[in-house]
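Here the structure is laid out as structure tokens; the discussion comes afterwards.
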Amino acid sequence: MLQGEAHPWLILVSEALTVVLTPELFERFLPCALLAGLTRQWAAAFQGILEAPPSWNVGSGDFDLTDFGTSLGDCFSSSSGGGF
């Protein structure tokens, strides 16, 4: 297939697979990011989208998504040192 040419069904499929980043999506797949060791990258993808902390996060002060992702990732990696 030449560049610029696409079958109509391929265009429909690619449009159907478009993901809209929402705070709900962040929370839903955060455990996957934690397990994969990609918490910092996952948080960075939602910069400007997730303005408030997740409802289960209790903290004081201003919410910073970058710090949240880093802290959560560091906490998880330091607690996975063995025993499984």
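Throughout, read-outs are computed from the coordinates displayed, never taken from laboratory work. Being a predicted model, the structure only gives us computed values, none of them experimental. We place every Cβ from the backbone using ideal geometry, glycine too, and count neighbours over all the protein chains shown.
Extension gain for Q41 to L17 (0.36 nm times residue separation, less C-alpha to C-alpha distance): 6.6 nm. The Cβ shell under 11 Å around L50 holds other residues with a net charge of -4, Lys and Arg each +1, Asp and Glu each -1.
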